[in-house]
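Participant: Below you'll find the structure I mean.
The values are calculated or read from the model by the stated rules, or taken from the named source; none is laboratory data. Just so you know, these numbers come straight off a predicted model, no measurement behind them. Note: ideal-geometry Cβ built from the backbone for every residue, glycine included; neighbour counts use all protein chains shown.
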Amino acid sequence: MEKVLIFKISKKGQKSKWKTIAILSSQTLGQFDNIIRDAFHHDTYDHLSEFYRGKAFSNSGLGEIEPGGFGAGSKPQLDKLNIRVNEIFEYVYDFGSSSIYQIELIEVQDRDLKVKYPNIVNGSKARTAYCSSCKGGGLKVKAEYIVMFKDNLKKEKLCKDCIKMISKQKAYINHLIQ
Ligand SMILES: [Zn+2]
């Protein structure tokens, strides 16, 4: 019986955002990449990504993945990687804005022939976060970015207008997934 790998994927630095994904051990990193993009609302037609057997941007990269299942990194089958249960590795979507995810193999199951793989099993519920700067002025505007200031490491969620006031030299800026 073919095996199904159940992975928990969570956004690094934003652990409340997570999904679990079921994928066949015979499926490839390219297929895994595609469903992760889907699960976290990243585009599937642009930007490179890569899995790392360890910390992102270390020399443990498994090769670049181009959208659509191209690139050396999309070829390997999951069962060739011998991933252990509870092993944690990392995934980067888009080297420009660098969304980093931690991936943990949480369980191995038998394949259910009625189910199509890969699929998104479960995930954190979306809850709208509002821009903290606009909120100060009495406005409810959806936050689209999360900012961490380099001097005091304070975090703030901001909308796409307010983010323009923040200097990249002074803060780490990431897209907020919700
Ligand atoms: Zn705002």
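Participant: Checking the condition under 12 Å from the mean Cα position of the chain (by Cα) and of a type outside the set (K, R), which residue from I65, I36, I88 passes?
Facilitator: When all the criteria are applied, what remains is I36.
Participant: Take the residues in the range 38-68 that are in contact with an Asp or Glu (Cβ under 8 Å, 6 or more places away or on another chain) and in a loop (DSSP other than H, G, I, E, B), then tell me which one is modelled with the highest pLDDT.
Facilitator: The selected residue is L48.
Participant: So is D161 in contact (Cβ under 8 Å) with a residue 40 or more places away in the chain, among the acidic types (D, E) and over 22 Å from S16 (Cα atoms) or not?
Facilitator: No; evaluated as a whole, the condition is false for this residue.
Participant: In the list F7, F51, which residue meets the criterion of being among the aromatic types (F, W, Y) and over 22 Å from L113 (Cα atoms)?
Facilitator: Checking each option against the conditions leaves just F51.
Participant: Consider the range 121-131. How many of its residues are more than 8 Å from the ligand (Cβ to nearest atom), over 30 Å from L78 (Cβ atoms) and not aliphatic (A, V, I, L, M)?
Facilitator: 3
Here's the yes/no breakdown for (1) more than 9 Å from the ligand (Cβ to nearest atom); (2) under 30 Å from K3 (Cα atoms); (3) touching a helix residue (DSSP H, G or I) at 6+ places or on another chain (Cβ under 6 Å); (4) not assigned by TED's automatic domain parsing to the domain that holds S98:
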position	(1), (2), (3), (4)
K116	yes, yes, no, no
N119	yes, yes, no, no
K140	yes, no, no, yes
A143	no, no, no, yes
I146	yes, no, no, yes
F149	yes, no, no, yes
L153	yes, no, no, yes
E156	yes, no, yes, yes
D161	no, no, no, yes
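Participant: Moving on to the next point. May I ask you to list pairs of residues, at least six apart or on different chains, whose Cβ atoms are under 9 Å apart, with the first in the range 107-131 being aliphatic (A, V, I, L, M) and the second being within 16 Å of the ligand (Cβ to nearest atom)?
Facilitator: Listed by first residue and then by second, the contacts come to A126/Q178; A129/K142; A129/A143; A129/I146; A129/K157; A129/L176; A129/Q178.
Participant: To continue, here is another question. State whether the residues of the range 164-175 include one that is away from the ligand (no atom under 16 Å from the Cβ), within 24 Å of I35 (Cβ to Cβ) and loosely packed, with under 15 Cβ neighbours inside 10 Å.
Facilitator: Checked the range 164-175: no residue is away from the ligand (no atom under 16 Å from the Cβ), within 24 Å of I35 (Cβ to Cβ) and loosely packed, with under 15 Cβ neighbours inside 10 Å.
Participant: Out of all the residues in the range 116-123, is one or more surrounded by 15 or more Cβ atoms within 10 Å (Cβ to Cβ) and more than 16 Å from A39 (Cβ to Cβ)?
Facilitator: Looking for residues that are surrounded by 15 or more Cβ atoms within 10 Å (Cβ to Cβ) and more than 16 Å from A39 (Cβ to Cβ), one finds none in the range 116-123, hence no.
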